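Each remark here refers to the structure printed beneath this line.
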Amino acid sequence: MTKKTSVTQSIRAGSQLVITTMCAFGYQSIRQLAEQCHRSKSSVHRHLQAYKRRNQYSESYFWETEEGSAFLRRLCGATLYLFGLKHHVGADQLSEYFRLLRIDTHVGVSPSALRQWVRELEQQLAEFQQAQEASAHCPEPERTVAMDETFFSQMMVLVMMDLPSRYILLEEPADDRCYDTWKTRACGRLDALGLTVRHAVSDRAKALIKLSLTGFQCQPGADLFHAQYDLSRWLSLPLGRATKTLADSLETARKQLTKHQKKAPCNSDETAHFEAEIRRAEQAHQDCLEAQTAYHQHQQAISDLVHPFDPASGIAQDQSTVLAALQCESEALETLAEERLINDPKGYLEKFRKQMDDLSQHVGVWWLWINTLLEDGASDPAQHHWVKNRMMPVVYWHDRMEQTRKKEPRRLYQSAWKKALQAYRDDPLTQRLPEAQIQHWQQWCENKVKHFQRASSVVEGRNGCLAQLYHNGRGLTPTRLKALTVIHNYGIRQPDGSTPASRLFGQEFPDLFEWLLTEMKPLPLPRKRRGRKISNPLIFKECPG
């Protein structure tokens, strides 16, 4: 404990003792209060004067009590934690907020004091994660991860996240993004946690592909999010622009017909000409709308294909089946572009075709892992078939249905889940197995389903969250970035109450904010604000040489 903290605690304890004694025995002389408190008369007098300065408002008496002091501590800590750290609100705005609450008579809330307070919280957050990771152990060391880089002006951040739990394994600034830098940072972090990578998802950066193959010694999976985004950059904008142009042409033709009918209503030849123009514009606009709809259907079909089960039939599909279906969709997109005369100068379609094998590997690698685990379990082959083709589809489609927010995919996944559930109930083995064994296989399937990850969109969402904080105009420092990482891992809870850390390590951790509240230093004392200095331009003072 520092000398400043000791002085702060002694001052608060002395003031509370004097006030408590005065309230218990009524107002007495300074000499009598000093005798009751076992303090000097000057000390009692000083505390009484300070109490009178603080007691300016109707609620001021509450902050002098033990309950009020505890609530004041929680209020200040929660404000700095939520707004100062999580939402990047500046110290000047927070200081004004505290002054509006009229607690600046009891707590030092100047911008400089708040900045120092936030820096102490950042340091405590880093210590919290180190302590928790040192005492935790992951029950399932083989993980599925995603890697990416994000850029903020002169600052580049390397991000690696465990996809099933959403735990950020690595989020550090770096000078470059080459393979050596990634391997040093990522492998060092995995070794410290005792984890290995079973499957890695990333964009097609050469360093990340090499990191998966050489550093992690696993198959690299292409990111479905980036693959579809490249296709949208190729077709979405030209189709949208053409649709807008044809809609404007149709509106112009209709206005011309209306204008002509007002001027020369009896001229049937020109009226027929304008009507023919309108019909041609309507047909062209309708054709473009149909092409745009077809494009969206192909994009959705690509997303629906990369699943371990066929949504329509419910049958398990292997890597070759997914690859063949992706090839058909790429040919359909190529035909659509040729019909609409859309060129591909940057080779987006060819880039997508190069990624199709890695996209289909999501299914192949996952099924290889599932089959290996079932064979090592040495169970009944009939039970293996039941787990793969009855229990697993029910759990998988239910998980996808719960995660999806879009209406059309949700309807598709709900339909697939209902079909799988009906097949599960109709299977004779379902009726024979005991309830305890069914619960065991359900938990087993739920755990394995979370490892089927085909996109790094959660990493992109994290990068977008950091970008919002950065572009508030305050930037990001390495210590603040570390604090935000800890808040994400231990402070963000899902509706079921779990945090990324509890999902990764399979155990509960202390509540982050409550821990910070207990470790937080005593509230700083308020100081008399310096009065505003008004300079007089008519007064000239010479400075000594």
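Below, the figures for the structure above:
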read-out: Counting all C-alpha pairs of segment 131-281, share separated by more than 26 Å (%); value: 52 percent
read-out: Lys, Arg +1 and Asp, Glu -1 on Cβ, resulting dipole of segment 296-451 about Cα centre, debye, nearest 20; value: 620 debye
read-out: With at most 16 neighbouring Cβ atoms within 10 Å, loop chymotrypsin sites (Phe, Trp or Tyr not before Pro) (DSSP) excluded, longest segment of the chain; value: 58-539
read-out: Check: the chain dipole with +1 on Lys, Arg Cβ and -1 on Asp, Glu Cβ, in debye; value: 3620 debye
read-out: Reciprocal of mean inverse Cα separation for the chain (Kirkwood radius, Å); value: 29.4 Å
read-out: Neighbourhood charge, 14 Å Cβ-Cβ cut-off, centred on Q130 and excluding it, Lys, Arg +1 and Asp, Glu -1; value: -2
read-out: Percent of Cα-Cα distances greater than 15 Å, calculated over segment 386-474; value: 68 percent
read-out: Degrees separating the helix 41-54 axis from the principal Cα axis of the chain, which is the longest one; value: 40 degrees
read-out: Segment 159-205: proportion of alpha-carbon pairs further apart than 15 angstrom, %; value: 45 percent
read-out: Charge-dipole axis of the chain as Lys and Arg at +1 and Asp and Glu at -1 on Cβ define it, positive-most pick from L469, V157, M147; value: L469
read-out: Dimensions in Å of segment 270-383 - Rg and Dmax from alpha carbons; value: 21.7, 84
read-out: Among the listed pairs K450/K482; K388/K448; K388/K419; K206/K448, those beyond 18 Å (Cα-Cα); value: K450/K482; K206/K448
read-out: For the chain: relative contact order, % (alpha-carbon pairs under 8 angstrom, 6 or more apart); value: 20 percent
read-out: Angle in degrees between helix 91-100 and the longest Cα principal axis of the chain, rounded to the nearest 10; value: 60 degrees
read-out: Rounded to the nearest 20 debye, dipole of segment 303-375 from Cβ charges on Lys, Arg, Asp, Glu; value: 220 debye
read-out: Beta bridges by DSSP in the chain, antiparallel share as percent, to the nearest 5; value: 65 percent
read-out: Taking only Cα atoms of segment 44-166, radius of gyration then Dmax in Å; value: 21.0, 67
read-out: Helix 224-263 axis, angle to the chain major axis (alpha carbon atoms, nearest 10°); value: 70 degrees
read-out: Net charge of neighbours whose Cβ lies under 12 Å from the Cβ of K255, counting Lys and Arg as +1 and Asp and Glu as -1; value: 0
read-out: Spatial separation of Cα centroids for segment 440-482 and segment 284-362, in angstrom; value: 27 Å
read-out: Sequence-separation-based contact order of segment 424-534, relative, with Cα cut under 8 Å and 6+ spacing, percent; value: 10 percent
read-out: Residue (of A253, V458, H199) at the positive-pole extreme of the chain, dipole from beta-carbon charges; value: V458
read-out: Debye intensity ratio I(q)/I(0), log10, segment 363-412, q values 0.21 Å⁻¹ (C-alpha model); value: -0.80
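Any read-out appearing in this document is the output of simple, stated calculations on the displayed coordinates, not a laboratory observation. Keep in mind the model is a prediction, meaning the values are calculated, not measured. Note: ideal-geometry Cβ built from the backbone for every residue, glycine included; neighbour counts use all protein chains shown.
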